[in-house]
Amino acid sequence: MKLIPCPLNGPRPVGEFACLGPAKPMPADDAAPEAWADFAYAEDNPAGPILEWWLHVPSGTMFVAERDTVTDTMIRTLWPADFRAAGGRP
Amino acid sequence: MVFALLRYGLGRRHTPFRVLPPTPATLKPSYDVVVIGGGGHGLATAYYLAKDHGITNVAVLERGWLAGGNTARNTAIIRSNYLTPEGVAFYDESVRLYRRLSNDLGINTMVSERGHLTLAHTDAAMRTMRWRAEVNKSLKVDSEVVGPDEIARLCPELDLSRDKRYPILGALYHAPGSIARHDAVAWGYAMGASQRGVEIHQGTEVQSLEIENGRITGVVTNRGRIACGRVVQAVAGRSSEVARMAGLTLPIRTVPLQACVSEPVKPVLDPIIVSGSLHVYISQSARGEFVMGGATDPYALYSSRSTFEFKEVLMADMLELFPFLGHARVLRQWAGMADMTPDFSPVMGLTPVQNYFIDSGWGTWGFKATPVCGLTMAQTIATGTPHPLIEGFRLDRFSRFAQLGERGAASVGH
């Protein structure tokens with residue numbers, strides 16, 4: 001069974017998690033519709049490392065994870081506050 | 001005929017039957033059209049370019065071997081009971097093309113009309129089925145909502161008892177629903193295209209694309225550079241990576257879709273059965289194997305690995321429908337990489353790069369569209385304007401907020 005490292009609960013079965021998609025900067029509130037369309041639909045979809053929002057469903061723990069989309073391995077996890085401090089806007 | 005067959009059967013010298021032409025030793029310095037991707041879609045596009053438009057100076061570039069990607073990894077279901085008028089009209093043209101494909105290509109594609117039942121287990125699902133049936137009927141597609149009595153007649157093997165978690169309330173019945181021999185479809189198109197002069201280059205990887213002033217001028221491969229008039233990419237599972245070389249960002253996330261087959265048994269299951277609520281679909285192939293699949297994986301991945309988690313969930317739900325499958329063992333398992341779009345419709349046609357065309361976003365619904373994709377992409381490339389059937393699938397529909405939502409009909413479990 002595949003295990004995902006939850007920053008709060010340690011390694012837990014993958015079935016307990018939901019992947020919420022890429023963590024990317026959000027446009028400004030008054031940005032043009034094209035910028036919002038780009039934010040909502042366009043995807044880098046890289047073959048390699050990607051930053052994503054993950055949720056550990058039973059405990060409601062939200063975190064950011066860096067994952068390799070080729071090797072199917074987790075590289076590291078970050079708390080949202082640390083992700084923001086490192087420059088990523090939620 | 002009979003004697004010729006007998007003589008051939010008893011003879012000792014058999015020359016191998018060569019369906020596919022060998023890869024030419026060298027690439028030409030220039031082609032009118034370069035097709036990136038030697039799967040069903042790319043080969044069909046090359047075939048119709050040569051057959052319908054007389055464009056034969058065409059190279060199909062395939063990184064691996066012919067039709068070894070998602071053309072070999074789907075579950076070979078053909079149907080047109082979609083939800084949007086654009087989707088229904090497009091896929092129905094494909095159903096019509098599939099019906100005469102064996103004759104057109106001169107190879108047995110084994111298209112077998114089985115009937116297609118999409119089961120509904122809740123009132124909400126019944127409502128979607130009625131909606132789909134009305135859209136389908138208005139476009140002259142054979143599609144209707146049926147009750148449990150009719151389901152029992154069409155598929156007596158289904159467990160229709162009411163005292164379970166997801167009792168079957170009704171179904172959308174689509175009589176033209178079919179399965180086919182997917183390899184033969186690709187081989188047939190490859191054969192037809194190469195007979196008309198198209199070159200098929202296997203083991204040829206595209207490494208970069210040369211773009212100047214909004215036009216593509218060259219394709220760099222591991223076997224050298226070629227100049228090109230027009231280029232089309234048809235690389236399901238790698239669409240974002242190839243489009244990136246052309247400077248394009250697509251509304252696509254690549255997610256594995258897993259499937260498996262059971263050991264072969266006598267023919268017992270005639271129709272194709274799908275359940276959106278239970279996230280499963282199943283049909284019995286001509287070989288007797290039950291071909292089974294479910295929802296896509298829960299996160300993006302460029303890998304065709306199989307997982308235990310997938311089969312655990314799939315089989316639990318499958319046994320709800322067919323308890324007798326508890327005796328069947330899994331024979332093979334595999335996965336394909338599905339390029340999922342936000343609205344579950346493909347991305348086809350023109351791109352911001354003037355002479356670069358795209359055939360992508362084929363998520364979990366690509367095989368059934370193979371013939372119509374080839375037909376419409378060939379015309380789009382030849383004329384430079386999108387074929388009327390694919391206008392709605394344009395790349396810029398997302399920035400114009402004009403999506404074509406097929407979530408309720410594209411697949412299962414979405």
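The values are calculated or read from the model by the stated rules, or taken from the named source; none is laboratory data. If you're wondering where the values come from, they're calculated on a predicted model, not measured in any experiment. Here Cβ is always computed from backbone atoms with ideal geometry, including for glycine, and neighbour counts include all displayed protein chains. Remember, those area values only see protein heavy atoms, side chains included, never the ligands or the DNA or RNA. Shrake-Rupley method; radii C 1.70, N 1.55, O 1.52, S 1.80 Å.
Of the residues making up segment B:40-49, not a single one is open to solvent by 40 Å² or more (accessible area, probe 1.4 Å) and in contact (Cβ under 8 Å) with a residue 24 or more places away in the chain. Cβ-Cβ distances below 8 Å connect no pair with a first residue in segment B:385-400 that is not assigned by TED's automatic domain parsing to the domain that holds B:L375, a second residue that is assigned to a loop (DSSP other than H, G, I, E, B) and surrounded by 21 or more Cβ atoms within 10 Å (Cβ to Cβ), and a separation of six or more residues or different chains.
Criterion first (over 9 Å from B:G170 (Cα atoms) and among the small types (G, A, S)) does B:G147 satisfy it? Can you show your working first?
Values: over 9 Å from B:G170 (Cα atoms): no; among the small types (G, A, S): yes.
In short, no.
Can you tell me which residue in segment B:206-243 is most open to solvent (accessible area, probe 1.4 Å), limited to those that are within 23 Å of the chain's Cα centre (by Cα) and among the hydrophobic types (A, V, I, L, M, F, W, C)?
If we filter segment B:206-243 for residues that are within 23 Å of the chain's Cα centre (by Cα), which is where we start, we get B:206, B:231-243.
Narrowing further to those that are among the hydrophobic types (A, V, I, L, M, F, W, C): B:206, B:231-232, B:234-236, B:242-243.
On the way: B:V206: 18, B:V231: 1, B:V232: 3, B:A234: 14, B:V235: 24, B:A236: 49, B:V242: 16, B:A243: 0 Å².
Residue satisfying both the conditions and the ranking: B:A236.
Closer than 28 Å to B:D343 by Cβ and either open to solvent by 70 Å² or more (accessible area, probe 1.4 Å) or not charged (D, E, K, R) (or both): is that true of A:A85 in this structure? Before the answer, list the steps.
Working: closer than 28 Å to B:D343 by Cβ: no; either open to solvent by 70 Å² or more (accessible area, probe 1.4 Å) or not charged (D, E, K, R) (or both): yes.
Taking the combined requirement at face value, the residue does not satisfy it.
For segment B:1-25, the set of residues classified as under 21 Å from B:T56 (Cα atoms), at pLDDT 80 or above and surrounded by 10 or more Cβ atoms within 10 Å (Cβ to Cβ) consists of B:T23, B:P24, listed by residue number. Selection of segment B:388-406 for residues being away from every other protein chain (no Cβ under 14 Å) and open to solvent by 30 Å² or more (accessible area, probe 1.4 Å) yields B:P388, B:L389, B:E391.
Consider segment A:1-57 and keep the residues that are touching a residue at least 60 places away in the same chain (Cβ under 8 Å) and in contact with a Lys or Arg (Cβ under 7 Å, 6 or more places away or on another chain). The one that is nearest to A:D68 (Cα to Cα) is A:I4.
Quick grid of which residues meet (1) within 11 Å of another protein chain (Cβ to nearest Cβ); (2) touching a helix residue (DSSP H, G or I) at 6+ places or on another chain (Cβ under 7 Å); (3) free of Cβ contacts under 8 Å to residues at least 12 places away in the same chain:
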| residue | (1), (2), (3) |
| --- | --- |
| B:I252 | yes, yes, no |
| B:C260 | no, yes, no |
| B:V274 | no, no, no |
| B:E289 | no, no, no |
| B:M315 | no, no, yes |
| B:L321 | no, no, no |
| B:L331 | no, no, no |
